[in-house]
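The values are calculated or read from the model by the stated rules, or taken from the named source; none is laboratory data. Note that the coordinates shown come from a computational prediction; the quantities given were computed from them, not determined experimentally. A quick note on method: Cβ atoms are made from the backbone with ideal geometry, for glycine too, and the neighbour counts reach across all protein chains shown. The area values use the complete protein model at the heavy-atom level, side chains included, leaving out ligands, DNA and RNA. Shrake-Rupley method; radii C 1.70, N 1.55, O 1.52, S 1.80 Å.
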Amino acid sequence: MDVFDSLPEPIAKAWERSLTGGKAALSRRRLLAATGAAAGGAALAACGIPASDDGKKKGESKDPDYSKKEKELIFSNWTLYIDVDDKDENKRPTLDRFQKESGIKVKYNEDVNDNVEFFGKIRPQLEAGQSTGRDIICFSDFMAGRLIRHGWAQRLDPKNMPNVVTNMEPRFRNAAHDPGRQYTVPWAGLATVVAYNKKATKGRKVTSVEQLLTDESLKGKAAMLTEMQDTVGMTLLDMGKDCTKFTEDEFDAAVARIQKAVDNKQLRRFTGNDYVEELDKGDIAACLAWAGDVVQMQFENPDIEFVIPQKGYLYATDDLLVPAKARHKANAEALMDFYYDPKNAAELAAWVNYICPVAGAKEELAKIDKELAADPLIIPDEKMIKAGRVFMELDDDAETTYEDKFSKVIGA
């Protein structure tokens with residue numbers, strides 16, 4: 001059974017776009033080095049995502065914890081989403097140090113290729129009330145929220161995580177999918193911004209979504225994303241609407257605005273992360289982009305610029321959680337706490353180049369690389385923090401409706 005068979009058609013199409021070209025297909029490090037290599041669609045073994053069950057209780061875990069007896073931990077993460085020794089790719093300096101300092105042996109797996117596929121792998125065990133064989137999993141926030149709603153994530157104990165309690169940046173302390181951060185700890189933040197190639201724009205700055213949609217000088221050379229939340233969310237913000245809480249009429253107005261740009265041939269196309277190559281060459285002059293890409297591109301191309309639009313930008317997180325029936329919850333909490341020490345967080349951020357959620361990491365990162373420490377796409381400044389917004393959490397019916405409308409605009 002294919003993962004898409006059990007999903008409403010609009011949602012299935014949205015996931016297929018994501019898996020073949022969107023955020024789920026992104027490499028986590030040195031994206032330009034891989035540009036040109038096709039990121040073909042993953043073969044999915046999962047059977048779809050069940051509907052949310054908000055009625056399930058999410059109380060304290062009654063699962064036994066073997067952490068004191070078993071000094072071990074199994075961690076499932078995305079590929080290339082942790083620091084690696086430049087001289088020996090088999091060594092992970094921060095993780096090696098955690099094991100030495102804590103005495104906890106970590107089996108580290110880079111087996112999360114995309115949220116849907118990985119959820120499909122562990123869903124049968126979760127539904128059966130069995131262990132997934134993992135103690136920590138890194139999921140994107142929306143999928144972490146789904147596990148929480150089903151009662152498939154263990155409530156974390158703040159007494160075991162003093163660094164997390166003390167050092168989590170304020171804007172990450174609450175989240176729609178996990179109010180009060182009772183079940184998740186952010187591993188990294190993700191931001192959607194406006195990027196442009198100043199050579200292709202002939203030195204002109206591109207500072208807003210409005211320019212992408214209407215600026216004649218960008219006609220046929222502007223691009224937006226195939227991800228509904230990113231493109232519609234950024235358009236809503238540009239219209240002065242609240243993307244954290246909007247009406248269906250407001251959504252329809254944003255979609256109509258995008259449709260007008262399509263009809264006028266203003267937009268070159270809608271893209272996944274494949275905008276990187278075209279933006280680098282100047283075939284795309286300006287576009288919506290993911291911050292992690294922009295940081296990597298700037299290492300190679302000084303003509304690449306980014307802008308935090310005056311009306312705001314979208315942000316999300318990749319989160320660590322302890323799944324139900326995990327054997328080593330306290331050991332997992334110890335690892336989460338380790339990465340919220342500013343020094344350790346800085347080493348991680350210096351390598352992955354995504355938004356660091358840890359207060360105090362900036363000063364430590366400056367000791368490693370002053371330019372990275374000054375980059376608001378890694379260590380957001382006050383202006384960027386205030387401008388950040390999350391997309392409104394949707395139930396299954398709303399998601400299906402909105403994805404259907406959006407897919408018609410982008411021709412998916």
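Just a few scattered comments:
- Count of residues meeting criterion [open to solvent by 40 Å² or more (accessible area, probe 1.4 Å) and of a type outside the set (Asp, Glu)] in the range 243-267: 11
- Residues within the range 346-364 that are without any contact (Cβ under 8 Å) to a residue 60 or more places away in the chain and surrounded by fewer than 20 Cβ atoms within 10 Å (Cβ to Cβ), tallied: 1
- Residue pairs meeting the criteria (Cβ under 7 Å; at least 6 apart or on separate chains; first modelled with pLDDT of 95 or more, in the range 267-290; second open to solvent by 60 Å² or more (accessible area, probe 1.4 Å)): ARG268/LYS221; GLY282/LYS199; ILE284/LYS221; ILE284/ARG268; ALA285/LYS221
- With respect to being assigned to a loop (DSSP other than H, G, I, E, B), open to solvent by less than 30 Å² (accessible area, probe 1.4 Å) and of a type outside the set (A, V, I, L, M, F, W, C), ASP375 fits the description.
- Restricted to strands (runs of 3 or more DSSP E) entirely inside the range 135-234, those with at least 2 residues that are within 30 Å of GLN298 (Cβ to Cβ) and either in contact with a Phe, Trp or Tyr (Cβ under 7 Å, 6 or more places away or on another chain) or at pLDDT 95 or above (or both) are 184-197, 222-225.
Okay, residues lined up against (1) open to solvent by less than 60 Å² (accessible area, probe 1.4 Å); (2) hydroxyl-bearing (Ser, Thr, Tyr); (3) assigned by TED's automatic domain parsing to the domain that holds MET336:
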position	(1), (2), (3)
LEU156	yes, no, yes
ASN163	yes, no, yes
THR166	no, yes, yes
HIS177	yes, no, yes
GLU210	no, no, no
LYS219	no, no, no
MET224	yes, no, no
GLN229	no, no, no
VAL232	yes, no, no
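- Among (1) touching a residue at least 24 places away in the same chain (Cβ under 8 Å); (2) surrounded by fewer than 23 Cβ atoms within 10 Å (Cβ to Cβ); (3) not in a helix (DSSP H, G or I), the one test that VAL295 misses: (3)
- Out of LYS329, LYS343, LYS367, one residue alone is in the same structural domain as PRO64 (by TED's automatic domain parsing), without any contact (Cβ under 8 Å) to a residue 40 or more places away in the chain, open to solvent by 20 Å² or more (accessible area, probe 1.4 Å) and touching a helix residue (DSSP H, G or I) at 6+ places or on another chain (Cβ under 9 Å). It is LYS343.
- Just one of the listed residues (LYS57, LYS68) is at pLDDT below 90 and either within 25 Å of the chain's Cα centre (by Cα) or surrounded by fewer than 17 Cβ atoms within 10 Å (Cβ to Cβ) (or both), namely LYS57.
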